[in-house]
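The values are calculated or read from the model by the stated rules, or taken from the named source; none is laboratory data. Nothing here was measured: the structure is a model prediction, and the numbers come from that model. Virtual Cβ from ideal backbone geometry, glycine too; neighbours counted across all protein chains shown. SASA here: full protein model, heavy atoms, side chains in, ligands and nucleic acids out. Shrake-Rupley method; radii C 1.70, N 1.55, O 1.52, S 1.80 Å.
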Amino acid sequence: MDVTLDNGFIMAGITRVNGTSVNSPFFVKADADGDFLWNHKIEIANSDTHIKCVKTVSDGGYVGGGYNWPFSGNNKETYLVKLNSDGSFAWSK
């Protein structure tokens, strides 16, 4: 969790995909009073992805970090995702 530029809060974690055991990154934005503003789930095909932290960046957006575990491999990979200030997807690596 991090405090946002508007003194609200950004939180990140994981959610299950369509009742399966596959995990996807999940972000929630709340205002300064803790009231819900938006959420955003990122579905990534053929992998199990976890977000371990989220930070507000200078442009008002958010960067989440964690790992991606592709179903086709045995090794976890570093995963970064950037959301715009409104929660829309910007990029992932």
Accessible area in the full protein assembly, largest first, 1.4 Å probe, for L83, L5: L5, L83
Centroid-to-centroid separation of region 73-89 and region 1-67 [C-alpha atoms, Å]: 9 Å
1.4 Å probe accessible area per residue over the chain, in Å²: 58 Å²
Most positive-pole-ward Cα, G8, S72, V28, against dipole of the chain from beta carbon charges: S72
Magnitude of the charge dipole, the chain, Cβ model with Lys/Arg +1 and Asp/Glu -1, debye to 20: 420 debye
Portion, in percent, of the accessible area of the chain that falls on carbon or sulfur, probe 1.4 Å: 50 percent
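What net charge do the residues around P70 carry, taking every other residue with its C-beta under 12 Å from that of P70, with Lys and Arg at +1 and Asp and Glu at -1?
Working: positive: K76; negative: D48, E77.
Here the charged neighbours net out to -1.
Which FRET efficiency, nearest 0.05, do D31 and S92 yield, Cβ-Cβ r, R0 25 Å?
On the way: r = 26 Å, r/R0 = 1.04.
Working from the Cβ atoms, E equals 0.45.
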Contact order normalised by residue count of the chain, Cα under 8 Å, 6+ apart, percent: 22 percent
